[in-house]
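Report on the structure given below.
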Amino acid sequence: MFKPLKRSLLLLVPLFLLAGCNTIVMNPKGDIASQQADLIVLSTVLMLIIIVPVIFLTCFFAWKYRKANTQAEYDPEWDHSTKLELVIWGAPLLIIIILGLVTWVSTHKLDPYRPLDRIDASTPLPADHKPLVVQVTSLDWKWLFIYPEQGIATVNELVTPVNVPVRFKITSSTVMNSFYIPALAGQIYSMAGMETTLNAVINEQGEWEGFSANYSGAGFSHMRFKYRGVSEGEFDQWVAKVKSADQTLDRAAYLDLEKPTTKHPVEYYGNVEQNLFHAIVNRCVVEGTVCMDTQMMADAMRNRTNLSADELAILINEAMCTIAPNADALPLITSSKKNGYDSVSN
């Protein structure tokens, strides 16, 4: 008598275990992540329109045409039904068309590079808004956050004000990682020598976890950081607190920080060397190293055979000054003549 009841209770055990799961992906606090969660729900419902009837009919036919049911219809000559074919092929085709349309719209609307056009579903973004810029670098095995407008930097702690658009500029020191805060927005990769962008906004105050969603070596499991959404007043207080730190993040400090560590504690830097993130992206933090963008521009200019060496040197130096305001720290490219031919050097 009690055996069926025990079996039923055992079937409920997985549900109780799932009750302790963190459902932040489906209950996020940022507008971008909320739209992504809605997209997951919509896609799932559309697919269930096909999956549920198929599962039901499979069970129904297996039960109705079982060997013991001698009352079931038997028609060995039947081989085709136009109506059945229309349902079998028409319904899935319609679902695929709808999913394709949803994918097309959402891919463009939720493009991480696309600037935000709203704070949330009911609050449009003011035309004169200015996003908070945060430069993110994934290290082995920690996260570096530079706030260029505030002139500060932190390790393994990220703070942004609520309802203020944030533009993350993301890169990596060495191996590829994935910057992911489930409460805020979807993941986006960080890659050495490249800069990716993520536009997002947090709509509620609180503390959540951010981490790398791409395996990157022995310390990967501890490559996590705390993300806090605070009021603008609290954000100003936090900035003042970080500014009071004695440490300065210059090139030498960054090269020391870049060395692999695990379970790295939170660190504050009250000052940051100008254009450090540009040097990180372009692989020229070490003094005397030519930046990738400068080298690529020089290579591109050399292919323009209609320019003289003097014109080439002028164009390259102008480009260097545009890319890096502190171009005095970069090597000056000059031209000279050897054996009657123009040459370019740096």
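Below, the figures for the structure above:
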read-out: Estimated vicinal HN-Hα couplings, Hz - the range 78-95 in sequence order (Karplus 6.51, -1.76, 1.60; Gly, Pro = x); value: 6, 9, 7, 8, 4, 4, 5, 5, 4, 5, 4, 9, x, 4, x, 4, 5, 5
read-out: Gained length - Asp246 relative to Thr103, 0.36 nm times residue gap less alpha-carbon distance; value: 46.6 nm
read-out: Stretchable slack from Thr197 to Thr23, in nm (0.36 nm times residue separation minus alpha-carbon distance); value: 60.1 nm
read-out: Span per principal axis, largest first, for the Cα atoms of the range 36-135 (Å); value: 75, 27, 26
read-out: Protection proxy ranking of 168-177, 36-45 - average other beta-carbon atoms within 10 Å, highest first; value: 168-177, 36-45
read-out: Separation in nanometres of the label points that stand 7 Å from Cα toward Cβ, at Ile96 and Gln205; value: 5.1 nm
read-out: 5 angstrom amide H check on Gln247, placed H, neighbours 5+ away; value: Gly270
read-out: In sequence order, calculated HN-Hα J values of the range 140-152 (Karplus, 6.51, -1.76, 1.60; Hz; x Gly/Pro); value: 9, 10, 7, 10, 10, 10, 10, 9, x, 6, 8, x, 10
read-out: Karplus-derived HN-Hα couplings along the range 270-279 (A = 6.51, B = -1.76, C = 1.60, θ = phi - 60°), whole Hz, x at Gly and Pro; value: x, 9, 10, 5, 4, 6, 5, 5, 4, 5
read-out: FRET efficiency, Val133 to Ile55 (Cβ-Cβ, R0 41 Å, nearest 0.05); value: 0.25
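The numbers here are math on the coordinates, done by the rules we state, and not lab data. Quantities reported herein were computed from a predicted structural model and do not represent experimental measurements. Positions of Cβ are generated from backbone atoms using ideal geometry, with glycine treated the same way; all protein chains shown enter the neighbour counts.
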